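Reviewing the structure listed below.
The values are calculated or read from the model by the stated rules, or taken from the named source; none is laboratory data. If you're wondering where the values come from, they're calculated on a predicted model, not measured in any experiment. Heads up, the Cβs are rebuilt from the backbone with ideal geometry, glycines too, and the neighbour counts pull from every protein chain shown. Note: accessible area is taken over every heavy atom of the protein model, side chains too, but ligands, DNA and RNA are not part of it. Shrake-Rupley method; radii C 1.70, N 1.55, O 1.52, S 1.80 Å.
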Amino acid sequence: MTAPKAEKSTEGAVKLACRNVWKLFGIHPKQFLAEHGYQPTYEEICGAGLIGATRDVSLDIYEGEIFVIMGLSGSGKSTLVRNMSRLIEPTAGEILFDGMDLLKADEKTLIRIRRKKMGMVFQNFGLLPHRNVLDNVAFPLEVQGVARFVREEEAELMIELVGLKGRENYFPRELSGGEQQRVGIARSLAVEPEVWFLDEPFSALDPLIRAEMQDEFLRLQKVLHKTIVFITHDFDEAIRLADRIAIMKDGEIIQVGTPEELVLQPADSYVSEFTQKVPRAKVVSAATLMTPVDGSSKGVPSGKPVTGDTKIEALLCRFLDQRTPIPVTDGTDRIVGEITMQDALRVLLGEEVSLNECQ
Ligand SMILES: Nc1ncnc2c1ncn2[C@@H]1O[C@H](COP(=O)(O)OP(=O)(O)OP(=O)(O)O)[C@@H](O)[C@H]1O
Ligand SMILES: [Mg+2]
């Protein structure tokens, strides 16, 4: 019996990919890499007085997914994302955007892709202090040479989308941190990017505003369906937002997986450090915990079913009113398993859970 796959958006086309990407800071990094057969160890890099900010990174980012990059300060998150948009020049490797290697693209193509297909939001908001909200949001379109009337109309739409209608004439200093970041978000969306990069966009905000902005961000994504690369060093934020998470350490990707995979199967102690305090009921899904049933037999559980990606936390609410097992579907109408209240309680009590092999 095949367990249902969680309904993730990781099955679409690859939108953006890194192939053996390196970024070494220091003197003659290209020569150093070539001399070491493009496989220098961390010790060799440090020994040569270089900084291995991105080390041999290969990954695929799928169309429409929220891909979160996590890691401690200095682990290379921002550098990796700057490589992806070619804001910095990788030392070696390939960055594939819709299959086209950005490192081989000429300057004109690159500028066009960056201006029209990529949007960026930064931790410190990066707003222009002497421009009001409307002009800040319209700025990327102004750079593109879009006529004033058109760009202002587009900016108005984005300002409304992020909930700032009526504040068009305010200056950044007249806005709270959360509101300023909404302007940053509206500005990055004004060009209708295909790939949206956000580098710790909510880190400077206090916890309540931060949670509000995360909700807002998820609401926007439901409408916009962008391909998103989101950096954070907060694992709670990561599991809330991510389809998949990449964990970085010393310039390297240690593990890529769904929040559930990282929590239940951490690749090493560095990953488990991040995942230790995560409430399992928030990440473990019905598909992992269910007992498979044969849909054709008469033993199929009755009642309103849940999909395989439903988290245990949500199921527990159901068990307040219902004691019988809850059917689990594979995303269609087919019932593929059942989950009992005891199964769900075991997760709460911290019992060992392993990922369903078939997932
Ligand atoms: N222009 C540069 N020149 C030299 N070293 C750099 C440069 N930019 C980044 N680094 C180094 O590369 C490493 C990775 O930096 P990066 O900014 O990518 O980390 P980060 O994971 O984004 O950290 P943070 O969470 O603090 O933002 C660090 O050791 C940093 O000091
Ligand atoms: Mg950074």
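Output the qualifying pairs, or none if there are none: Cβ atoms under 8 angstrom, residues six or more apart or on different chains, first residue in the stretch 303-315 and under 17 Å from VAL263 (Cβ atoms), second residue among the hydroxyl-bearing types (Ser, Thr, Tyr) and buried (at least 18 other Cβ atoms within 10 Å of the Cβ).
If the second residue must be among the hydroxyl-bearing types (Ser, Thr, Tyr) and buried (at least 18 other Cβ atoms within 10 Å of the Cβ), the pairs left are GLY308/SER285; GLY308/THR329; ASP309/SER285; THR310/SER285; LYS311/SER285; ILE312/SER285.
For the stretch 79-99, give me the residue count where each residue is more than 25 Å from GLY37 (Cα to Cα) and away from ligand 2 (no atom under 16 Å from the Cβ).
Going through the stretch 79-99 one residue at a time, the tally reaches 3.
Can you tell me how many residues within the stretch 34-82 are away from ligand 1 (no atom under 15 Å from the Cβ) and either among the β-branched types (Val, Ile, Thr) or more than 15 Å from GLU252 (Cβ to Cβ) (or both)?
Of the residues in that region, 14 qualify.
ARG112 fails exactly one of the following numbered conditions: (1) over 19 Å from the mean Cα position of the chain (by Cα); (2) free of Cβ contacts under 8 Å to residues at least 12 places away in the same chain; (3) assigned by TED's automatic domain parsing to the domain that holds GLN255; (4) at positive phi. What is the number of that condition?
Single failed check for ARG112: (4).
Which one of ALA281, ALA204 is within 16 Å of ligand 2 (Cβ to nearest atom) and in contact (Cβ under 8 Å) with a residue 60 or more places away in the chain?
Just one listed residue meets the conditions, ALA204.
Has the stretch 220-240 got at least one residue that is aliphatic (A, V, I, L, M), under 30 Å from SER272 (Cβ atoms) and assigned to a helix (DSSP H, G or I)?
Yes, that holds for at least one residue.
Scan the stretch 61-78 for residues that are surrounded by fewer than 23 Cβ atoms within 10 Å (Cβ to Cβ) and within 13 Å of ligand 2 (Cβ to nearest atom) and jot them down.
Listed by number, the residues that qualify are LEU72, SER73, GLY74, SER75, SER78.
Which one of the conditions (1) buried (at least 23 other Cβ atoms within 10 Å of the Cβ); (2) more than 16 Å from ligand 2 (Cβ to nearest atom); (3) within 24 Å of ASP236 (Cα to Cα) does LEU16 fail to meet, given that it meets all the rest?
(3)
Exactly one of (1) open to solvent by 10 Å² or more (accessible area, probe 1.4 Å); (2) within 14 Å of ligand 2 (Cβ to nearest atom); (3) at pLDDT 90 or above is unmet by PHE197. Its number?
Single failed check for PHE197: (1).
Conditions (1) touching a strand residue (DSSP E or B) at 6+ places or on another chain (Cβ under 9 Å); (2) at pLDDT 95 or above; (3) assigned by TED's automatic domain parsing to the domain that holds ILE239; (4) among the polar types (S, T, N, Q), marked per residue:
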site	(1), (2), (3), (4)
THR2	yes, no, no, yes
ALA13	yes, no, no, no
ALA34	yes, yes, no, no
ILE45	yes, yes, no, no
GLY52	yes, yes, no, no
VAL57	yes, yes, no, no
ILE69	yes, yes, yes, no
